[in-house]
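Read through the structure below, which is laid out as structure tokens, and then see the notes.
The values are calculated or read from the model by the stated rules, or taken from the named source; none is laboratory data. All values derive from a computational prediction rather than experimental measurement. Backbone-built Cβ (ideal geometry, glycine too); neighbour counts: all protein chains shown.
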Ligand code: F6P
């Protein structure tokens, strides 16, 4: 009797910042794989899991039961374990070393036929570099920032926007009651998608995004104009990566000093509020939404998108389309080479139809 053929073995990991819908994707990958007779291994803590003997475990149907509606990721995540620049502490300093060959060896040693990486540009960049070393990789784009190229939208973004809109709605009534300026700082390191969509949908009067450096005089002019027309309060929605013309982003921690290797942003909202108060003498308050935007139960759209992308990734494995990423184009699941997706990160077009439409109803981008 000939031995039973070995089952296709997929490993899956979640890397970088978490986003609502990650568990929906994991559930879809495990279920779609199960129905094709494949095995799935879950790598815990992002790429860091490859360096820990106990962090890679089988993912069965039981493991993904009841997780569709939950935020976070059952595999946990990390943005500290880039195998090409792995941090190591030496004499109290962070030094970085290339440990990517260990990942390649582990993938081979475990008989992994496909590695599905669910991540943003950082994790997908690592996936691409691993694929150049021969690892059969498939990417799934994830980030609340919505800035990954090669897809019209990333899962997590819709939920983050809804969370931000809910917050803006609440701030609206208190702003009106007190006749104050409310500045709401939302996430968006390099792209202003959340600020744009949530700001416009929440009725923001001023929206500040990294793609359009702002002038504080213009921000103040908009608030004054409203006041002149009897609106004694205003809402300013600022992406954390927004910055004034000729100025810089506001950093909490520089890239060199952060464990992740990325600069940590935050505080532009407070800067803008202080300047408005000083120039206009209108009481101005700040709310920084922060990681609230990353948590919580995914919206219907993100559950559905996550499910479709998870299934799409298993389809790519079956078709042997490695080095590719699944994505959504014109409401259809497609795929693109990772290299192509990474080459063109998705930014808000300062002259695009969406920005123009929002400006046409009187919202100021501070330009
Ligand atoms: O990339 C998503 C994101 O939420 C950014 O908007 C933000 O700058 C960053 O992650 C924060 O990351 P961390 O949780 O590691 O500070």
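I'd like to know if segment 248-257 contains one or more residues that are modelled with pLDDT under 95 and away from the ligand (no atom under 14 Å from the Cβ).
Within segment 248-257, the first condition is being modelled with pLDDT under 95, and the residues that meet it are 251-257.
Among the residues that remain, those that are also away from the ligand (no atom under 14 Å from the Cβ) are: 256.
Yes: segment 248-257 contains one or more residues that are modelled with pLDDT under 95 and away from the ligand (no atom under 14 Å from the Cβ).
If you go through segment 106-113 one residue at a time, do you hit one that is modelled with pLDDT under 95 and surrounded by fewer than 13 Cβ atoms within 10 Å (Cβ to Cβ)?
Checked against the condition, which is being modelled with pLDDT under 95 and surrounded by fewer than 13 Cβ atoms within 10 Å (Cβ to Cβ), segment 106-113 yields no hits at all.
Working carefully through the options 74, 118, 168, 140, find the one that is outside the structural domain of residue 314 (by TED's automatic domain parsing) and either under 18 Å from residue 22 (Cα atoms) or crowded, with 20+ Cβ neighbours inside 10 Å (or both). Reasoning before the result, please.
Working: 74 fails: outside the structural domain of residue 314 (by TED's automatic domain parsing); 118 fails: outside the structural domain of residue 314 (by TED's automatic domain parsing); 140 fails: outside the structural domain of residue 314 (by TED's automatic domain parsing).
Selected residue: 168, the only one of 74, 118, 168, 140 that is outside the structural domain of residue 314 (by TED's automatic domain parsing) and either under 18 Å from residue 22 (Cα atoms) or crowded, with 20+ Cβ neighbours inside 10 Å (or both).
Residue by residue through segment 346-361, note down the ones that are surrounded by fewer than 11 Cβ atoms within 10 Å (Cβ to Cβ) and either in contact (Cβ under 8 Å) with a residue 60 or more places away in the chain or part of a helix (DSSP H, G or I) (or both). Don't jump to the end; show me each part of the working.
Residues of segment 346-361 surrounded by fewer than 11 Cβ atoms within 10 Å (Cβ to Cβ): 351, 353, 360-361.
Passing the criteria: 353, 360.
I'd like the full set of residues that are under 26 Å from the mean Cα position of the chain (by Cα), outside any strand (DSSP E or B) and free of Cβ contacts under 8 Å to residues at least 40 places away in the same chain, limited to segment 82-101.
98, 100
At least 3 residues that are within 16 Å of the ligand (Cβ to nearest atom) in each: list the helices (runs of 4 or more DSSP H) lying fully within segment 124-238 that qualify.
157-178, 193-201
What are the residues in segment 320-345 that are on the phi > 0 side of the Ramachandran plot and either in contact with a helix residue (DSSP H, G or I) (Cβ under 6 Å, 6 or more places away or on another chain) or not in a loop (DSSP other than H, G, I, E, B) (or both), if any? Let's see the steps before the verdict.
Restricting attention to segment 320-345, the residues satisfying the condition of being on the phi > 0 side of the Ramachandran plot are 320, 323, 330-331.
Listed by number, the list holds a single entry, 323.
If residue 83 passes every condition in (1) modelled with pLDDT under 95; (2) under 15 Å from residue 48 (Cβ atoms) but one, which one does it miss?
That leaves (1) as the condition not met.
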